[in-house]
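**Student:** Quick one: the structure is below, and I'll ask about it shortly.
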Amino acid sequence: MCRVLAWHGGGRKLKVAEAKKVNKLIKGLLLAEAGSNPDGTGLLTVKARKEGEKVYLLKRGINALKFLVQEEERINWMLDDAKIVIGHVRYATKGEISDGNSHPFMFRVKGKIFAGVHNGVINYEDLVKKALSLNIKNPKWYEVDSFLLFACIAKLLRQDKAVEEVVEEVLKDVSGSWALIMYWDEKIYFVRSADRPLWVCDLRGKGLGRFIVSTEEMFKKACEIAGEDLKEVSHFEPLPYRLYVIDGDGEVKKVKDLKLREPVYSDYYMPYIWNGYCEWDGYEDEYYGLKEELEYVEEEIRDIKEYLNIMESEFSDDPEHVYAVEEAKERLKELYRKRRKLKQALKDFKNKFIPAGDMKAGAYSYMQSVQM
């Protein structure tokens, strides 16, 4: 599954040492779950300017380690003096791996910026129906379910509706799973369904603001990668279907308990390479499922080739004999095509998959080598 993160500065300008720690933690959060979410990385930052808040977005269809190395200069500039940060690492379940399909997704709404990140998978056909009902043209142009979800929310925000009404109206008409972090009207909003985690901690007492992350484990990994020993952290897990907001001082407040239809738990968040069951925390089932299917195909190919050798050695003009041979040859062609696809899927899987241990080692190496 994807991982999301956000940081709020608590309405104060950080000291140099505090900002350095925060930036290390944000980078550590991107790296913490990058091994199992290698398909895209993105950051959105908000800075205070005389003319108002300015929003900056950078996202790439690459893993977090490459993202931080290749875009180091721009990322450091974006984080410098930021008051709000939202980030995401992607595991692709719908839509190709690309810069555009990576999170966060950002929209301009009546001169203001709305943006969001999403962990989970939402029924795409439900979203298409919702988009059409809102007169969004060509909704299937939005390849990713998350992109279309936020497009629907942005469409309703343009009608001057309150954010809680908008989020409720969209989510009540779709099934799936979701943990959402959104930026709107200079505030951070967040909400989750029962089957998607979020974890919120308060480090304002240490001068480090407030963090929202997918899991406590993700935060602990980030601290380890960043070399920060943060103990006795005040934290809580948001209640499902309750929309929260972080105000200007970093306080978390309830906005509304969303009234949604009975939750529908689906299997839409299965990996996109193979339709079998697999554990999200390990890829063995997915990998060996592909290999097992390939073995079945190879076995059937051998059986058909043996059958054809026998049939062709006993040549006959009998129509049934000829038909059987032609049918076997057609099946063989079909199996060859399937074998090519499976081999390509295995190759893609190996190229895509970065073992968590290797990513962790790379993360440590990165954090030690760059000038923070």
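The values are calculated or read from the model by the stated rules, or taken from the named source; none is laboratory data. Computed from a predicted structure; not experimentally measured. Reconstructed Cβ throughout: ideal geometry from the backbone, glycine too, with neighbour counts over all protein chains shown.
**Student:** Among (1) at pLDDT 75 or above; (2) closer than 20 Å to K347 by Cα; (3) touching a helix residue (DSSP H, G or I) at 6+ places or on another chain (Cβ under 9 Å), there is one condition K291 misses while meeting the rest; what is its number?
**Tutor:** (1)
**Student:** Continuing with the same structure: Provide a single number: the residues in segment 202-226 that are under 21 Å from the mean Cα position of the chain (by Cα) and within 29 Å of V170 (Cβ to Cβ).
**Tutor:** Counting residues in segment 202-226 that are under 21 Å from the mean Cα position of the chain (by Cα) and within 29 Å of V170 (Cβ to Cβ) gives 8.
**Student:** How about segment 14-25: which of its residues are free of Cβ contacts under 8 Å to residues at least 40 places away in the same chain and among the small types (G, A, S)?
**Tutor:** The answer is A17, and nothing else.
**Student:** Take the residues in segment 26-83 that are of a type in the set (S, T, N, Q) and touching a residue at least 40 places away in the same chain (Cβ under 8 Å); name whichever of them is surrounded by the most Cβ atoms within 10 Å (Cβ to Cβ).
**Tutor:** Result: T41.
**Student:** Report, by residue number, each residue of segment 128-143 that is under 23 Å from the mean Cα position of the chain (by Cα) and either closer than 18 Å to R158 by Cα or of a type in the set (D, E) (or both).
**Tutor:** K130, A131, P139, E143 - these are the residues of segment 128-143 that are under 23 Å from the mean Cα position of the chain (by Cα) and either closer than 18 Å to R158 by Cα or of a type in the set (D, E) (or both).
**Student:** Return only the number of the condition from (1) surrounded by fewer than 19 Cβ atoms within 10 Å (Cβ to Cβ); (2) at pLDDT 95 or above; (3) among the β-branched types (V, I, T) that I212 does not satisfy.
**Tutor:** For I212, the exception is condition (1).
**Student:** Identify the single condition in (1) within 18 Å of the chain's Cα centre (by Cα); (2) more than 30 Å from L230 (Cα to Cα) that I113 does not satisfy, given that it satisfies every other one.
**Tutor:** Evaluating I113 over (1) within 18 Å of the chain's Cα centre (by Cα); (2) more than 30 Å from L230 (Cα to Cα) leaves (1) as the failure.
**Student:** Which number in (1) at pLDDT 95 or above; (2) part of a loop (DSSP other than H, G, I, E, B) marks the one condition that D229 misses?
**Tutor:** Exception for D229: condition (1).
**Student:** I would also like to ask the following. Here are some residues: K59, K94, K27, K13. Which one is part of a helix (DSSP H, G or I) and not aliphatic (A, V, I, L, M)? Step through it out loud before you land on a result.
**Tutor:** Working: K59 fails: part of a helix (DSSP H, G or I); K94 fails: part of a helix (DSSP H, G or I); K13 fails: part of a helix (DSSP H, G or I).
That would be K27, the only listed residue that is part of a helix (DSSP H, G or I) and not aliphatic (A, V, I, L, M).
**Student:** Take segment 116-127 and flag every residue that is within 18 Å of the chain's Cα centre (by Cα) and outside any strand (DSSP E or B).
**Tutor:** Hits for segment 116-127 are G120, V121, N123, Y124, L127.
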